[in-house]
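The values are calculated or read from the model by the stated rules, or taken from the named source; none is laboratory data. Bear in mind that the values here come from a model prediction, so they are computed numbers and not experimental data. Here the Cβ positions follow ideal geometry from the backbone for every residue, glycine too, while neighbour counts run over all protein chains shown.
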Amino acid sequence: MAVPPALETPESDGDATSGGPEDLQRQSWTRRTFGAVIENPHFRNLFIGNIFQFGSMQMQLVVRSWLVFHITGSFAALGTVALANAIPGLLLSPVGGLIADRAPKKTIIQSAQIYNMANAAVLAALAAGWLGVELAFWHLFLSSFLQGGVNSIMMPSRQSMISDLVPRDRLMNVIGINSSGQTFMQLVGPGIAGFLIAALSPAAVFGVMAALYFFAVTFTMRLPTKPLYAFAQSDAGRAAKQARSGGRRSNGFKDLKDGMRYVATDPTIRMLIMVNFLIVVVAMPYTMLLAGFVKDILHKGAFEQGILQSVQGLGAVGGSIFIASSASKGRGKMMIGWGALLGVGIVAFSISTSFWITLPIMIFIGAAQAGRMAIGQVLVQSYSEEEYRGRVQSVWFMQFSLVQFGTFLVSILAEFAGPQVAIGGLAALLVLAMGLIALFVPAMRRLD
């Protein structure tokens with residue numbers, strides 16, 4: 001059975017992250033679930049900074065889509081902007097992982113946040129007409145492309161830095177809490193953006209986004225530059241790394257290739273990545289096709305679509321908090337279970353033709369999706385060797401780009417067979433696949 005790599009940790013400083021698993025079980029539910037945010041100042045700063053960043057990103061999804069359709073009136077233009085954001089993710093995510101393993105993660109995160117702040121400020125000025133140039137489609141396309149590249153470089157550092165700030169036995173807790181913050185902003189961010197567009201203007205949305213990124217930078221500035229918990233800090237870690245390199249100086253291309261080889265050859269990491277990609281490509285395209293499904297199958301409009309997305313967010317918050325408060329055992333079985341539950345939920349979604357029946361189904365789907373993402377993050381960070389963690393995270397985050405391509409394939413299938421067959425059929429295959437993994441991949445079941 002695979003065992004997570006050894007980890008050197010500093011001596012306890014008395015915060016909630018210093019206790020072992022037995023200590024955590026004796027704590028109250030509140031402290032066990034939220035103790036890392038309350039008592040660990042380093043994780044708290046990262047968490048609050050992420051909240052501001054997630055909020056800005058959710059607002060951007062609304063205002064950019066609204067402006068693209070307002071300017072062009074074309075659904076194809078919406079898809080083009082989405083692909084413009086996704087393609088750099090596939091191309092540059094491995095580079096972001098390499099940078100995360102070689103440079104201070106704090107610097108990488110801050111640099112990306114400062115760029116995003118400037119990007120939002122420029123779009124605010126264009127939308128307000130302050131630059132003497134009318135906001136055009138190509139401005140939004142270019143912004144989406146560049147931001148996709150910047151974020152794909154930053155995301156491996158942002159996520160893998162969690163392992164630098166808390167001990168290994170608290171990863172399940174803090175990743176669940178971090179995920180709950182993200183899903184909470186999925187609830188409130190789009191609503192704030194929609195209100196600002198209606199009450200003021202798109203320029204106001206971009207202005208608020210720039211302010212949120214500014215606050216994110218202020219909290220990121222307080223993070224430590226060096227890892228507090230890392231195998232790489234120990235003498236054994238340095239000796240192992242030096243032995244693997246043969247005493248030679250680091251080479252960027254070779255390090256990138258070594259990272260990809262590690263993902264491809266480490267049996268546990270390879271298994272986790274493959275199972276996660278299977279779930280993402282098969283299950284997640286339904287989110288991109290939701291608008292058409294609501295209109296053609298449920299015979300409802302944009303308001304009802306927003307309600308469905310909001311209750312899905314409520315379920316996601318619940319799923320994330322469940323992971324944050326769960327014991328750190330049987331996590332491989334949990335990932336299989338969450339994947340199967342997600343498939344069951346999407347099958348039920350595809351069958352339903354009633355808005356009121358679909359409503360509780362979306363809560364179920366949101367919880368399963370958040371649980372799947374959080375437990376997958378816990379496992380991949382727990383079983384990654386420290387020196388490769390950033391590169392592993394870069395491959396993991398390719399899922400967000402793969403969703404765009406999976407959506408394209410599912411949309412083609414939906415044209416010929418209808419959205420219910422396309423979405424529900426693939427979700428049924430996901431349930432079958434999770435069952436086969438549970439039966440015939442014992443290594444996955446044994447992960448703790």
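Values for this structure:
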item: When residues of the stretch 62-110 are limited to those that are in contact with a Ser or Thr (Cβ under 9 Å, 6 or more places away or on another chain) and outside any helix (DSSP H, G or I), the one modelled with the highest pLDDT; result: Pro104
item: Selected residue (criterion: surrounded by the fewest Cβ atoms within 10 Å (Cβ to Cβ)) from residues of the stretch 83-102 that are farther than 8 Å from Gly390 by Cβ and small (Gly, Ala, Ser); result: Ala84
item: Matching residues, the stretch 87-119, being β-branched (Val, Ile, Thr), more than 20 Å from Leu402 (Cβ to Cβ) and in contact with a helix residue (DSSP H, G or I) (Cβ under 7 Å, 6 or more places away or on another chain); result: Ile99, Ile108, Ile109, Ile114
item: Residue ranges of helices (runs of 4 or more DSSP H) in the stretch 335-448 with at least 3 members among the aliphatic types (A, V, I, L, M), at pLDDT below 90 and under 19 Å from Val282 (Cα atoms); result: 355-383, 399-417, 419-440
item: All positions within the stretch 264-279 that are surrounded by 16 or more Cβ atoms within 10 Å (Cβ to Cβ) and among the hydroxyl-bearing types (Ser, Thr, Tyr); result: Thr268
